[in-house]
Amino acid sequence: MDISYPPETETFRTEVRAFLAETLPPGWQGIGALDEDAARAFARDWRRRLVERGHLSLTWPERYGGRGLSKLHQVVLMEELALAGVPFGLPQDTFGVKMLANTLLRWGTEEQKSRFLPRILSGEDTWCQGYSEPDAGSDLASLKTRAVREGDEWVIDGQKVWTSGAHHSDWIFVLARTNPNAPRHRGISFLLVPLGQPGVEVRPFRMMSGQLHFNEVFFDRARTRADLVVGGVDNGWAVAQSLLGVERGEEAATNPILFRAEVERLVELARMYGKDQDPVVRQRIAWCWSKVEIMRCLGYRTLTGWLKGAEPGPESSIAKLYWSEYHTVVTDLAMDIMGLHGQVPVGRGPLRTYRADDPGAANTSASWSTTYLIARSGTIYAGTSQVQRNILAEKVLGLPREPRANAG
């Protein structure tokens, strides 16, 4: 098996390294070395620079502001950003750039792409995801939010929950039932809905940390234009599955880069606490390293499919299940290394939320304890681990469907 990069991607790697060398300040130690305010300001300016160089939209067609490069170029970019300790965009770009833009490129009309893609790229429009409901989480097809066509508009009633970032977003992409008489997976549509309108109420949840991140979103005769349906009326389930497939497939290729950087931070953490010679800790770190290498091989398989023109399918659930379960173990180890220090933030350094896609985050008890908590949510969002196992069992292995608890 030849896993070397082709010449054109190595040429691009040289370009990225030159960009980093000319852009980052002298003595740069990664965004994690900055305090919270400085890190936030740097991230905003850094996003602007990524947009100017076409890096944030690397694989988009040129007519929409991209560079038309391959997924392999995207992986090379992620490798170099991780090594430099700089992020790929801002946290809210997960929903706009990563999820919705790729979905529009596959399913959107020309008018939708021309209208929304430039504004996603510029940051003029920020997005959140309206999927989960109080009684429709893992069983998303049981959603009750409904949309009824009235003239040139859809009128939406219902509730979404665990809506990350809704309190500072401009738009939400919503799964709503548009045909109550159709089978569960068929009468659903994928709607683009403005949040700043009468009939939409966003209620943030305040977490124990004091932060606001998740929200409830209530729709009471909220409205959106009739043409803001992506992929056709009653075809929203296929669009939603495509979006999740893109998310999981992209993670399969890029997460190994980020998790390898995290293991390197873990090794440094063990040294800081004098645990690097402990044979049990060393064995557990070796286990983490081996799992990341397996993740890397899974990523190569995903890349191979991409380079052959294949769309992400149910096999992408392998990577999501693998990395999310792995991340709970590696963060367990970090907390064990720190002991009681891991229970309380120590020092006045950059006590900000650490993300897996922010490889330069500081090695503080605050960053690791936050990551520990976030890792648990990774086994839930984008489909729980049990959902991933069911997808793999039924759609990849061809096993019979799991019987419902109320069957019979």
Can you tell me the dipole magnitude for the chain around its Cα centre, using point charges on the Cβ only (Lys, Arg +1; Asp, Glu -1), in Debye to the nearest 20? 460
What number, rounded to the nearest 500 deg cm²/dmol, is the helix-based mean residue ellipticity at 222 nm of the chain, given -39500 (n - 2.57) per DSSP H run of at least four residues and division by all its residues? -14500 deg cm²/dmol
With every protein chain in place, what's the accessible area of residue 338 (1.4 Å probe, Å², nearest 10)? 10
Express the carbon and sulfur contribution to the solvent-accessible surface of segment 45-177 as a percent, rounded to the nearest whole number, probe 1.4 angstrom. 48
Can you tell me, using C-alpha contacts under 8 Å and at least 6 residues apart, the relative contact order of the chain as a whole percent? 15
Helix 110-122 sits at what angle to the longest principal axis of the chain, using alpha carbons and giving 0 to 90 degrees rounded to 10? 30
Accessible area per residue of the chain at 1.4 Å probe, in Å²? 48
With everything on Cα atoms, drop me the angle between helix 236-272 and the longest principal axis of the chain, reported from 0 to 90° to the nearest 10. 20
For segment 47-52, just list the computed ³J(HN,Hα) in residue order, Karplus coefficients 6.51, -1.76 and 1.60, θ = phi - 60°, integers in Hz, with x standing in for Gly and Pro. 4, 4, 5, 5, 5, 4
Estimated inter-spin distance, residue 22 and residue 341, nm [label 7 Å along Cα→Cβ]: 4.1
Sorted by mean Cβ packing within 10 Å, highest first, what order do the peptides 21-28, 389-396 take? 389-396, 21-28
Highest-first arrangement of 4-12, 116-124, where packing means the average Cβ count within 10 Å: 116-124, 4-12
The local net charge around residue 194, scoring Lys/Arg +1 and Asp/Glu -1 for residues other than residue 194 whose Cβ lies under 11 Å from its Cβ, equals 0
Could you list, in their original order, any pairs among 144/308; 113/308; 308/395; 71/160 whose Cα atoms are separated by more than 30 Å? 144/308; 71/160
Per the C-alpha gyration tensor (a ≥ b ≥ c, the square roots of its eigenvalues), segment 274-335 is rounded if a/c is under 1.5, else prolate if a/b beats b/c, else oblate; here it's prolate
Given the whole protein assembly as supplied and a 1.4 Å probe, what does the accessible area of residue 107 come to in Å², nearest 10? 70
Taking 0.36 nm per residue of sequence separation and subtracting the Cα-Cα distance, how much length would be gained by fully extending the chain between residue 205 and residue 290, in nm to one decimal? 26.8 nm
Cα long-axis angle, helix 7-23 against the chain (0 to 90 degrees, to the nearest 10): 70
Convex hull of the chain built on C-alpha atoms - directionally averaged projected area, nm²: 22.1
Once the dipole of the chain is set up from charges on Cβ (+1 Lys and Arg, -1 Asp and Glu), the residue from the list 172, 59, 38 lying farthest towards its positive end is 172
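The values are calculated or read from the model by the stated rules, or taken from the named source; none is laboratory data. For clarity, every value in this text was computed on a predicted model and none was experimentally measured. All Cβ positions, glycine included, derive from the backbone under ideal geometry; neighbour counts span all protein chains shown. For accessibility, only protein heavy atoms count, side chains too; no ligands or nucleic acids. Shrake-Rupley method; radii C 1.70, N 1.55, O 1.52, S 1.80 Å.
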